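**Student:** Next up is a structure, given as structure tokens.
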Amino acid sequence: MPPIELKKHKVFISFHHKDEDYKTAFEATFADHFISKSVQNGDIDPDNQDDYVKRLIQEDYISDSSIVIVMYGSQTHERKHVDWEISAALNAKVNGYSGMIVLLLPTFPISPFNEAGTYDETKLYDYLHPRTVANIKSGYAKVYFWPNTYPNLPSVPIPDVLQDAFDRRISHSYLIDNSDTQYKYNR
């Protein structure tokens with residue numbers, strides 16, 4: 001009997017441009033598990049008006065994805081475009097809800113462990129968008145770490161992470177908190 005082929009989900013990756021090498025590496029490493037619907041370098045003219053960029057990302061990229069992966073490095077939480085992308089992914093009007101995965105990169109500025117060495121998710125909150133924090137707290141989004149960043153944390157297979165986020169977009173949609181005001185400016 002041939003192996004069962006898992007459905008590839010359409011994934012939008014939201015990231016700060018300084019972390020583009022991680023996005024590229026993630027797409028290359030895990031390309032067999034998803035279809036990238038992300039903005040590629042040069043796709044959008046940075047001189048375009050904000051409203052046009054926001055609409056373009058929603059209509060041409062996020063509306064065709066069922067999962068958003070938000071890659072957080074050292075400055076991601078300051079970026080307005082990332083906040084807009086998260087907001088669009090959590091908006092039923094854009095294309096239903098997208099499942100949400102929070103992926104912390106090795107450049108993330110703080111360790112998730114407290115002084116006793118215990119995992120403490122609350123330590124991360126000051127370095128995430130308020131919209132992301134609200135959805136982690138509610139239980140809609142889950143936090144993961146770039147592979148091998150913390151060897152003492154269990155490794156989770158990417159296909160399982162993607163499937164869980166895909167399923168949660170329906171089963172846990174009542175937990176979505178998209179109430180924060182969108183960033184108008186980078187912070």
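The values are calculated or read from the model by the stated rules, or taken from the named source; none is laboratory data. Since the model is a prediction, treat every value here as computed from it, not as a measurement. Backbone-built Cβ (ideal geometry, glycine too); neighbour counts: all protein chains shown.
**Student:** Do you know which residues across the range 132-155 are touching an Asp or Glu at 6+ places or on another chain (Cβ under 9 Å) and surrounded by fewer than 16 Cβ atoms within 10 Å (Cβ to Cβ)?
**Tutor:** Answer for the range 132-155, where residues must be touching an Asp or Glu at 6+ places or on another chain (Cβ under 9 Å) and surrounded by fewer than 16 Cβ atoms within 10 Å (Cβ to Cβ): K137, S138.
Residues are listed down the side, and each one gets a yes or a no for (1) acidic (D, E); (2) out of contact with any helix residue (DSSP H, G or I) (no Cβ under 9 Å at 6 or more places or on another chain); (3) modelled with pLDDT under 80:
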residue	(1), (2), (3)
A31	no, yes, no
P46	no, no, yes
Y52	no, yes, yes
I67	no, no, no
V82	no, no, no
N91	no, no, no
Y97	no, no, no
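**Student:** Among the numbered criteria (1) part of a loop (DSSP other than H, G, I, E, B); (2) modelled with pLDDT of 80 or more, which single criterion is violated by K18?
**Tutor:** Only one criterion is unmet by K18, namely (1).
**Student:** Would you point out which residue out of V53, V94 is among the β-branched types (V, I, T), touching a Phe, Trp or Tyr at 6+ places or on another chain (Cβ under 9 Å) and in a helix (DSSP H, G or I)?
**Tutor:** From the options V53, V94, the qualifying one is V53.
**Student:** Would a scan of the range 158-181 turn up a residue that is assigned to a loop (DSSP other than H, G, I, E, B), hydrophobic (A, V, I, L, M, F, W, C) and at pLDDT 95 or above?
**Tutor:** Yes, the range 158-181 contains a residue that is assigned to a loop (DSSP other than H, G, I, E, B), hydrophobic (A, V, I, L, M, F, W, C) and at pLDDT 95 or above.
**Student:** Between a first residue in the range 89-110 that is touching a residue at least 40 places away in the same chain (Cβ under 8 Å) and a second residue that is assigned to a loop (DSSP other than H, G, I, E, B) and of a type in the set (F, W, Y), which pairs have beta carbons less than 6 Å apart while being 6 or more apart in sequence or on different chains?
**Tutor:** Note: pairs meeting the criteria are L105/W146; P106/W146.
**Student:** Within the range 141-150, is there a residue that is under 12 Å from the mean Cα position of the chain (by Cα) and assigned to a helix (DSSP H, G or I)?
**Tutor:** Just the residues of the range 141-150 that are under 12 Å from the mean Cα position of the chain (by Cα), to begin with: 141-145.
From what is left, the residues that are assigned to a helix (DSSP H, G or I) are none.
No: zero hits.
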